[in-house]
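K.L.:
Sharing a structure, written as structure tokens. Questions coming.
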Amino acid sequence: MLPNEPLIPKGAAYFPAPDPGPTRNYAFLLVPGFTLLAFVSAVEPLRIANQLSQKPLYRWRLLSETGEMVASSSGIPVGVDGRIEVLDKTTRLIVCAGNPQMAAASPAIVAAVQRHHRFGGIVGGVCTGAIALARAGLLDGRRFTLHWENQPGFVETFPRLAPSPARFEVDGPLLTCGGGAAATDMMLSIIAEDHGSAFAAMVSEMCLRTVMPGVNAEQRSSTAALMSSRNPVLVATITLMNRHLDQPLSMEELAAAAGYSRRHLERLFRDAVGKSPADFYRGLRLDLGRNLLSTTEMTLLEVSLACGFATVSHFSKSFRARFGTAPTRLAQGMRPAARTAPARAAPQEPAARPLR
């Protein structure tokens, strides 16, 4: 199959991609009921990359099992370029699915995924597209994900496979994401790998996203899970935590404000999210730190103090434990080169209250 000519739209913004190299090819396999938001969120970063660079960085085609247009989950039909057939191994084959989730397990789709993987191609799944990869036997021992709404049913169908709570996963030749905006996160991470973090940051800006990828956050925040519980004590405690991120309250202070014993409060949190209130509180502070590093010019010391950490070393260690990367690495991916130089040794840090 000969791919279409790369689309290079005109635009006012321009940002050259360093050493663009050969055009990278994608084939998006649309499954009936695919999520239109997730599909578009995966394609648009590629279009923006071509537009910004005014180079043919990416080329894509749309496929379906029959070669006919496919109705999305919103009922909007989308035309395709052709039916499933053998692809060059340099093409990345992405299965875009939605509800019903087992639609991606069509024998023809599974066979196409198996064949492409067997001949050395990269395969991926958007939303419930991971089901095609699971049915093809590609997910054993791999990190992968799909939309949180579909994970319980997936686990029932594939009890030996455990999907990640992350928004997206890139594990060797396998690419998966939870759908929706997570598809953009995944593609931005790929663009960063292909053309550097500075270029990917500009694509992210064009998507009106202020946070660059580099930290793979969970699909559902612990805050959302707790707030949805409608437990007034939990909601009030979380609200209080958010008001005191720079100077964390003790567990005794939180329990007293809630009118509960510390032990009772800890049990409430563990029942709701499987975490102690102290761990949950620390996560809120670290989430703030990630946001500040991604969206401001604050130094590590300033961010550390704003998040209630007395020292940069304590903040950095906790940040790495939560996000799997150093805060300096995230900052370097977002800031101009002048800001990435190692910070001068700070004067003795101000005294701070002990942190829990």
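The values are calculated or read from the model by the stated rules, or taken from the named source; none is laboratory data. Computed from a predicted structure; not experimentally measured. Positions of Cβ are generated from backbone atoms using ideal geometry, with glycine treated the same way; all protein chains shown enter the neighbour counts. These accessible areas exclude ligands, DNA and RNA; they are computed on the full protein's heavy atoms, side chains included. Shrake-Rupley method; radii C 1.70, N 1.55, O 1.52, S 1.80 Å.
K.L.:
Yes or no: the stretch 278-287 includes at least one residue that is assigned to a helix (DSSP H, G or I) and over 13 Å from MET241 (Cβ atoms).
P.N.:
Let us first name the residues in the stretch 278-287 that are assigned to a helix (DSSP H, G or I), namely 278-287.
Then drop every residue that is not over 13 Å from MET241 (Cβ atoms), which leaves none.
Within the stretch 278-287 (the criterion being assigned to a helix (DSSP H, G or I) and over 13 Å from MET241 (Cβ atoms)), the answer is no, since none of the residues qualifies.
K.L.:
Assess whether GLY259 counts as being at positive phi, crowded, with 17+ Cβ neighbours inside 10 Å and more than 24 Å from the chain's Cα centre (by Cα).
P.N.:
Numbers: at positive phi: yes; crowded, with 17+ Cβ neighbours inside 10 Å: no; more than 24 Å from the chain's Cα centre (by Cα): yes.
No.
K.L.:
Can you work out which of the residues in the stretch 152-174 that are free of Cβ contacts under 8 Å to residues at least 40 places away in the same chain and closer than 23 Å to SER189 by Cα is most open to solvent (accessible area, probe 1.4 Å)? First the steps, then the outcome.
P.N.:
In the first step, residues of the stretch 152-174 are kept if they are free of Cβ contacts under 8 Å to residues at least 40 places away in the same chain; the result is 152, 155-156, 158-164, 170-172.
Add one more test, that the residue is closer than 23 Å to SER189 by Cα, and what stays is 162-164, 170-172.
Values: ALA162: 80, PRO163: 24, SER164: 21, VAL170: 50, ASP171: 25, GLY172: 54 Å².
Top of the filtered list is ALA162.
K.L.:
Open to solvent by less than 50 Å² (accessible area, probe 1.4 Å) and within 22 Å of HIS314 (Cβ to Cβ): is that true of LEU234 in this structure? Write out each step before concluding.
P.N.:
Numbers: open to solvent by less than 50 Å² (accessible area, probe 1.4 Å): yes; within 22 Å of HIS314 (Cβ to Cβ): no.
The answer is no for LEU234.
K.L.:
Report yes if some residue within the stretch 126-137 is small (Gly, Ala, Ser), closer than 23 Å to ASN25 by Cα, out of contact with any His (no Cβ under 7 Å at 6 or more places or on another chain) and open to solvent by 20 Å² or more (accessible area, probe 1.4 Å); otherwise report no.
P.N.:
Among the residues of the stretch 126-137, not one is small (Gly, Ala, Ser), closer than 23 Å to ASN25 by Cα, out of contact with any His (no Cβ under 7 Å at 6 or more places or on another chain) and open to solvent by 20 Å² or more (accessible area, probe 1.4 Å), which makes the answer no.
K.L.:
A further question follows. Taking the stretch 5-44 only, how many residues are assigned to a loop (DSSP other than H, G, I, E, B) and among the hydroxyl-bearing types (Ser, Thr, Tyr)?
P.N.:
Keep residues of the stretch 5-44 that are assigned to a loop (DSSP other than H, G, I, E, B), which gives 5-23, 31-33, 35.
Checking the rest, the ones that are also among the hydroxyl-bearing types (Ser, Thr, Tyr) come to 14, 23, 35.
Of the residues in the stretch 5-44, 3 are assigned to a loop (DSSP other than H, G, I, E, B) and among the hydroxyl-bearing types (Ser, Thr, Tyr).
K.L.:
Shifting gears a bit: Are there any helices (runs of 4 or more DSSP H) wholly within the stretch 206-274 with 2 or more residues that are at pLDDT below 80, and if so which? So that I can check it myself, show each step before the final result.
P.N.:
Working: elements: 222-227, 232-243, 251-258, 262-273.
Output list reads 222-227.
K.L.:
Looking only at residues that are open to solvent by 50 Å² or more (accessible area, probe 1.4 Å) and closer than 14 Å to ALA200 by Cα in the stretch 41-78, which one is nearest to the chain's Cα centre (by Cα)?
P.N.:
The residue in question is GLU44.
K.L.:
I've got another one for you. Scan the stretch 82-97 and tell me whether some residue there is closer than 20 Å to GLY179 by Cα and open to solvent by 30 Å² or more (accessible area, probe 1.4 Å). Break it down stepwise before answering.
P.N.:
Applying the first criterion (closer than 20 Å to GLY179 by Cα) to the stretch 82-97 yields 92-97.
Now restrict to residues that are open to solvent by 30 Å² or more (accessible area, probe 1.4 Å): 92.
For the stretch 82-97, residues closer than 20 Å to GLY179 by Cα and open to solvent by 30 Å² or more (accessible area, probe 1.4 Å): present.
K.L.:
Is there a residue being at pLDDT below 85, in a loop (DSSP other than H, G, I, E, B) and surrounded by fewer than 19 Cβ atoms within 10 Å (Cβ to Cβ) anywhere in the stretch 310-319? Talk me through it step by step, then tell me what you get.
P.N.:
Going residue by residue through the stretch 310-319, those that are at pLDDT below 85 are none.
Checked the stretch 310-319: no residue is at pLDDT below 85, in a loop (DSSP other than H, G, I, E, B) and surrounded by fewer than 19 Cβ atoms within 10 Å (Cβ to Cβ).
K.L.:
Could you tell me whether any residue of the stretch 12-19 is farther than 25 Å from LEU133 by Cα and surrounded by 22 or more Cβ atoms within 10 Å (Cβ to Cβ)? It would help to see each step written out before you state the result.
P.N.:
First pass over the stretch 12-19, keeping only residues farther than 25 Å from LEU133 by Cα: 12-19.
This time we only want the ones that are surrounded by 22 or more Cβ atoms within 10 Å (Cβ to Cβ), so: 17.
Yes: the stretch 12-19 contains one or more residues that are farther than 25 Å from LEU133 by Cα and surrounded by 22 or more Cβ atoms within 10 Å (Cβ to Cβ).
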